[in-house]
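Below: one structure, written as C-alpha cells.
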Amino acid sequence: MTKININDMLTSYDKKSLTIATVCSHSSLQIFNGARKEGFKTLGISIGEKKKFYDAFPLGKPDEFFIVDKYKDILKFTDELKEKNVVVIPHGSFVEYLGADKFLTLDIPTFGNRNGLLWESDRNKERKWLEGAGLTMPQEVKNPKDIDKPVIVKYHGAKGGKDFFIAKTYEEFQKRIKKNRSFIIQEFVMGTRYYLHYFYSPIQDNAYKLSKGSLQLLSMDRRDETTIDEVQRLGSIAELEELGIHPTFVVTGNIPIVMRESLLPKVFKMGEDVVEKSLKLFGGMIGPFCLETVVTEELQFKVFEISSRIVAGTNPYVAGSPYSELIQHDMSTGRRIAQEIKYAAKKNLLEKILT
Ligand code: AMP
C-alpha cells in the first residue's frame, strides 16, 4: 500500500488552477487534447528535450514541457511540480519507465488508485482478482511437461509481448524457452481478441450503476501485433516454423472495432464484477481500465489481462468512439479523465479519485 496521504499533498494546492501532466509518450497526445477540451492547463514531462513532433499536433501538445534528464529524475522535482498544482495521469510507459515501486511512492497527486498496480503487475494476484470476480481466464499450465495443446509462453515484465512464443509440445517449449527468465504458460485461446475500455467513476451515478458509483464503456480495439497478425502472408505458421521462423507478439498499433451488440450485457457484467472485486481487495479501481479478452466460438469471454489505467488502445478515439458518442459527443478517454477531475474539484471530492 502507498504510504502517501493525498489530503496532505493537496493542502497547498489551488484546486481552481490544476494542471494535468503526464509523460510525453504512449497516449499523451490524447490526454493533453482531452484536458485542453475541458479547460485545463497541461504539462508534458519529457526526457532530454521537448519532443519535436508535438509541434505538428497543436491540439495534442502540452502548454508547457518539463524537461528531465531521465525518468527517475521526476522524483527530484516533485516539489516544483506540486507548485504548479500538477495532477499526474499514469499510463503504461510512465509506470514502466519510472518503475512500479517508484511510481507507488511518487509524491505528486496521481489520478486513480495506485494500489491497483500491486494487483495487476503480479500475475498470481491478477489471477486471484479476475477469477475471484468470477471471470474466466485462460487455463494456466504449471508444468511444461503437461503441455498437450497450443500454449503461449509469457515472460514476466516483458515489454509489449516481446519474446512471447507459442508451443504445442514440451519439446518445442524446451527448444524456445530462454533460460534465467521467469515465465508463465497459458492455454492459447482460439478466438477473436477484444480489448475493452471502461471508465469507472466512484463519485458519479449517471451511468451503469454499481454498489458505489457507475461504469461506462468508452471504446474497444484490437491490437496489431507483429509478426503474428500478418505472418500468414508468408505461409502457414506450421510451414514457417519448419523453417525456424516463429511468430512474435510485439504491439505496433491499434485497430478500432465494435462488437456484436448482443454481447454487451456480458461486457458490462464483467466490468461490474471486476470493479466490485477491486473495491473489496484494495479500495477500488478509479477511472479507465481495460480487460484484454478473447471471444471463443461459444461466445464466451476469456480474459487474459487487466490494466487499471488508460491504455493505448483508446488512441483511435481522440474524437470519440461508436460507444462514447452514445454518452457524449467528442469524448475520448483522455477527455473523460479530465472531466472526472473537473467534477471532483468542483464538488470537493478530489481525494476520492486521486492517490
Ligand atoms: P499480454 O502481454 O498478456 O497482453 O499478451 C500479448 C499478446 O499475446 C496479446 O495481445 C494477445 O495477442 C496474445 N495473447 C496473450 N495471451 C493469450 C492467450 N491466452 N491466448 C491467445 N493469445 C494470447
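The values are calculated or read from the model by the stated rules, or taken from the named source; none is laboratory data. Keep in mind that what you see is a predicted model, and the values were worked out from it rather than measured. Cβ coordinates were reconstructed from backbone atoms using ideal geometry, including for glycine residues, and neighbour counts include every protein chain displayed.
For the range 157-172, enumerate the residues that are under 21 Å from residue 294 (Cβ atoms) and either aromatic (Phe, Trp, Tyr) or loosely packed, with under 14 Cβ neighbours inside 10 Å (or both). Those that are under 21 Å from residue 294 (Cβ atoms) and either aromatic (Phe, Trp, Tyr) or loosely packed, with under 14 Cβ neighbours inside 10 Å (or both): 162, 164, 165.
Remark: pairs (first residue in the range 259-285, touching a residue at least 40 places away in the same chain (Cβ under 8 Å) and of a type outside the set (Asp, Glu); second residue surrounded by fewer than 19 Cβ atoms within 10 Å (Cβ to Cβ) and in a helix (DSSP H, G or I); Cβ separation under 9 Å; 6+ apart in sequence or on different chains) = 277/132; 281/125; 281/128; 281/132; 282/118; 284/276; 285/279.
One residue stands out among those in the range 41-57 that are in a loop (DSSP other than H, G, I, E, B) and either over 25 Å from the mean Cα position of the chain (by Cα) or among the hydrophobic types (A, V, I, L, M, F, W, C) (or both): the one that is nearest to residue 16 (Cα to Cα), which is 57. All of 308, 321 fail the test of being farther than 25 Å from residue 127 by Cα and surrounded by 24 or more Cβ atoms within 10 Å (Cβ to Cβ), apart from 321. Just so you know, in the range 81-123 the residues that are of a type in the set (D, E, K, R) and assigned to a helix (DSSP H, G or I) include one that is farthest from residue 251 (Cα to Cα), and it is 83. Counting only residues that are part of a helix (DSSP H, G or I) and either touching a strand residue (DSSP E or B) at 6+ places or on another chain (Cβ under 6 Å) or not hydroxyl-bearing (Ser, Thr, Tyr) (or both), the range 291-346 holds 22 of them.
Residues that are modelled with pLDDT of 95 or more and within 24 Å of the chain's Cα centre (by Cα) number at least 2 in the following strands (runs of 3 or more DSSP E) confined to the range 129-209: 151-155, 183-187, 192-201. Does residue 205 satisfy the condition of being closer than 30 Å to residue 343 by Cβ and of a type in the set (Asp, Glu)? Answer is yes for this residue.
Within the range 181-207, can you find the residues that are more than 25 Å from residue 300 (Cβ to Cβ) and touching a residue at least 12 places away in the same chain (Cβ under 8 Å)? Working first, answer last.
Restricting attention to the range 181-207, the residues satisfying the condition of being more than 25 Å from residue 300 (Cβ to Cβ) are 181-183, 201-207.
Residues satisfying the conditions are 181, 182, 183, 201, 202, 203, 204, 207.
In this structure, residue 214 does not qualify as more than 16 Å from the ligand (Cβ to nearest atom) and under 16 Å from the mean Cα position of the chain (by Cα).
When the range 208-221 is filtered for residues that are surrounded by fewer than 16 Cβ atoms within 10 Å (Cβ to Cβ), touching a residue at least 40 places away in the same chain (Cβ under 8 Å) and not hydroxyl-bearing (Ser, Thr, Tyr), only 212 remains. Residue 222 satisfies every condition listed in (1) farther than 30 Å from residue 146 by Cα; (2) assigned to a helix (DSSP H, G or I) except (2).
Applying the criterion of being aromatic (Phe, Trp, Tyr) and under 18 Å from the mean Cα position of the chain (by Cα) to the residues of the range 282-306, the residue that is nearest to the ligand (Cβ to nearest atom) is 304.
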